[in-house]
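One structure is given here, and the rest of the page talks about it.
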Amino acid sequence: MIVVLKQNYTENQMLEAIKAMENGGVKVMVSKGIDTTILGAEGNSAGIDEEFLAQLPGVERVMRVSEPYKKANRKYHPDDTVVSVCGKKIGEGGVSLIAGPCSVESHEQIINIAKKVKASGATALRGGAFKPRTSPYAFQGLEDEGIKLLIEAKKETGLPIVTEIMSTEKIDLFAENVDIIQVGARNMQNFDLLKQLGHLDKPILLKRGLSSTIEEWLMSAEYIMAGGNNKVILCERGIRTFETYTRNTLDLSAVLAVKSLSHLPVIVDPSHACGKAWMVERMSLAAVAAGADGLIIEVHNDPKNALCDGAQSVTPDEFKIISRKINTIADCIGKNI
Ligand code: PEP
Ligand code: MN
C-alpha cells in the first residue's frame with residue numbers, strides 16, 4: 001500500500017498518517033520527491049484501516065500496490081534513483097560507459113585497456129577476477145590477484161572498478177576494494193549473496209538472470225534493498241530463447257519496462273547479449289536510443305587470444321568509435337555521456 005500526501009501537508013499530518021499505518025503492523029518508508037511525498041508500507045498491509053487513513057487531513061489518496069516488489073517499485077519512489085560512484089552519477093540522465101575485458105589476465109593487459117577506454121570516455125573499468133565458467137577446465141580468473149591488478153589500474157587511471165562477486169566468502173574483499181560489485185546472471189537468485197550485499201553501502205550491478213522474468217529480476221533487487229542498500233543498478237544482458245544464432249536474445253523492451261516499473265537505473269550489456277563483437281556497436285546505439293542509463297561493453301586489446309569471451313570483445317579502437325557514436329545518439333534524445 002502507498003499513501004500519497006497532499007501537496008501542502010504539514011509535518012504533523014504526515015506523522016499522523018505514518019502512525020495510522022504503523023498501527024496496522026507495517027514499517028513505513030517515506031519518499032520525498034520533487035512533486036509528491038509518498039508513504040510506502042513495508043510488509044503486509046492487510047491490518048491497516050484504509051478508510052480511516054484515506055480521510056486524514058494530509059492524505060491525498062491511498063493505493064493498493066499489487067506488485068510484490070516495494071522498495072524497487074516506482075510507485076513507492078516516483079523519482080529516478082541516481083547511484084553515485086566515485087563522484088560519477090549513474091541514472092542522472094546521462095549515459096555511463098563501463099568498459100574493459102571479460103577477465104583480468106595480466107598487469108600489462110588491464111593497464112593497457114584501462115588507459116585506452118578511459119581516453120575514449122569510459123566512466124568505469126570492468127574486468128572479471130572470479131569467473132563463472134560453464135567448464136571447470138576453463139580459465140577461472142586470476143581471483144584475488146585479479147582484484148589487485150584492478151586496483152592498480154584504478155590507481156593508474158582514476159577509473160572506478162567493476163567486478164563480479166561469486167561467493168559470500170569474498171564480501172569483505174569486495175566491500176573494501178571494489179567500487180561497483182557485479183552480481184552475474186548466474187547468481188541473480190543467489191539469495192544468500194543478495195542478502196549480504198544488502199548490508200553494504202556499495203553500488204551493486206545486478207544482471208538479469210539467464211531465464212528470469214522482469215518481476216523475478218526486480219525481486220532480486222528487492223532482496224538487496226530490503227537489507228538497506230538502495231544503490232542497485234540493473235543490467236539487461238540478454239535472455240535465453242530458442243534462438244541460437246546469437247548467444248542470448250537482447251530484450252531491449254525490458255529497459256522500457258523496468259524504467260516504468262522501477263526507479264532504479266538500467267544499463268545494457270550488448271556483449272553477452274549478442275556474443276558477437278560485430279553486433280556490439282549497433283546494439284549499443286539501440287540500447288541508448290531505448291533509454292538505457294548506460295552500457296557495459298567488453299573490450300580486449302587482443303580479442304583473438306583473450307582467455308574468455310574474445311568473440312564478443314571489441315578492440316579499444318572499435319570502442320572509441322562506439323563511444324563517439326553514442327554521443328551522437330545521446331544528443332538526439334537529450335542525454336549526454
Ligand atoms: C561477465 O560480465 O563477464 C559475465 C559473466 O556476465 P553474465 O553474468 O551476464 O553472463
Ligand atoms: Mn564475459
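Laboratory data are not the source of any read-out in this text; all were calculated from the coordinates shown. Just so it is clear, the structure is predicted and the values come from calculations on it, not from any experiment. Note that we place each Cβ from the backbone using ideal geometry, even for glycine, and neighbour counts take in every protein chain shown.
Computed quantities for the displayed model
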| quantity | calculated |
| --- | --- |
| Gln7-Ala289 FRET efficiency (beta carbon distance; Förster radius 25 Å; 0.05 resolution) | 0.10 |
| Alpha carbon Rg of the chain, scaled by the compact-globule rule 2.2 N^0.38 Å | 1.05 |
| Computed FRET value (nearest 0.05) for Cys86 with Val65, which takes r as the C-beta separation and R₀ as 41 Å | 0.75 |
| Protection proxy ranking of 29-36, 218-225 - average other beta-carbon atoms within 10 Å, highest first | 218-225, 29-36 |
| Added length on full extension, which subtracts the Cα-Cα distance from 0.36 nm per residue, Glu42 to Thr249 | 71.0 nm |
| Residues with amide H under 5 Å from that of Asp251, placed H, sequence gap 5 or more | Gly238, Ile239 |
| Hz values of 3J(HN,Hα) by residue in segment 213-227 - Karplus curve (6.51, -1.76, 1.60), Gly and Pro given as x | 6, 4, 5, 4, 5, 5, 5, 5, 4, 4, 4, 5, 5, 4, x |
| Using alpha carbons only: equivalent-ellipsoid semi-axes of segment 43-190, gyration tensor based, whole Å | 41, 20, 12 |
| For the chain, calculated [θ]222 nm from helices alone, where every DSSP H run of n ≥ 4 adds -39500 (n - 2.57) | -10500 deg cm²/dmol |
| Burial order of peptide ranges 43-56, 119-132 (average beta-carbon count within 10 Å, highest first) | 119-132, 43-56 |
| On Cα atoms only, tilt of 144-157 relative to the major axis of the chain in degrees | 90 degrees |
| Vicinal HN-Hα couplings computed from phi for segment 283-295 (Karplus, 6.51 cos²θ - 1.76 cosθ + 1.60; Hz; Gly/Pro x) | 5, 5, 5, 5, 5, 5, 4, 6, x, 4, 7, x, 9 |
| Karplus-derived HN-Hα couplings along segment 180-186 (A = 6.51, B = -1.76, C = 1.60, θ = phi - 60°), whole Hz, x at Gly and Pro | 10, 8, 8, 9, x, 3, 5 |
| Beta bridges per DSSP with both ends in segment 83-332, % antiparallel, nearest 5 | 15 percent |
| Calculated FRET efficiency for the pair Lys115/Asp79, C-beta based, R₀ 45 Å, to 0.05 | 0.80 |
| Length added when fully stretched, Glu143-Asn23, from 0.36 nm per residue minus Cα-Cα | 38.2 nm |
| Protection proxy ranking of 21-28, 294-301 - average other beta-carbon atoms within 10 Å, highest first | 294-301, 21-28 |
| Estimated inter-spin distance, Thr328 and Arg282, nm [label 7 Å along Cα→Cβ] | 1.5 nm |
| For the chain: relative contact order, % (alpha-carbon pairs under 8 angstrom, 6 or more apart) | 16 percent |
| Alpha-carbon radius of gyration plus Dmax, which is the widest Cα pair, for segment 2-63 in Å | 10.3, 30 |
| Inter-part distance where segment 142-191 and segment 244-262 are each reduced to a Cα centre, Å | 25 Å |
| Net charge of neighbours whose Cβ lies under 14 Å from the Cβ of Leu234, counting Lys and Arg as +1 and Asp and Glu as -1 | -1 |
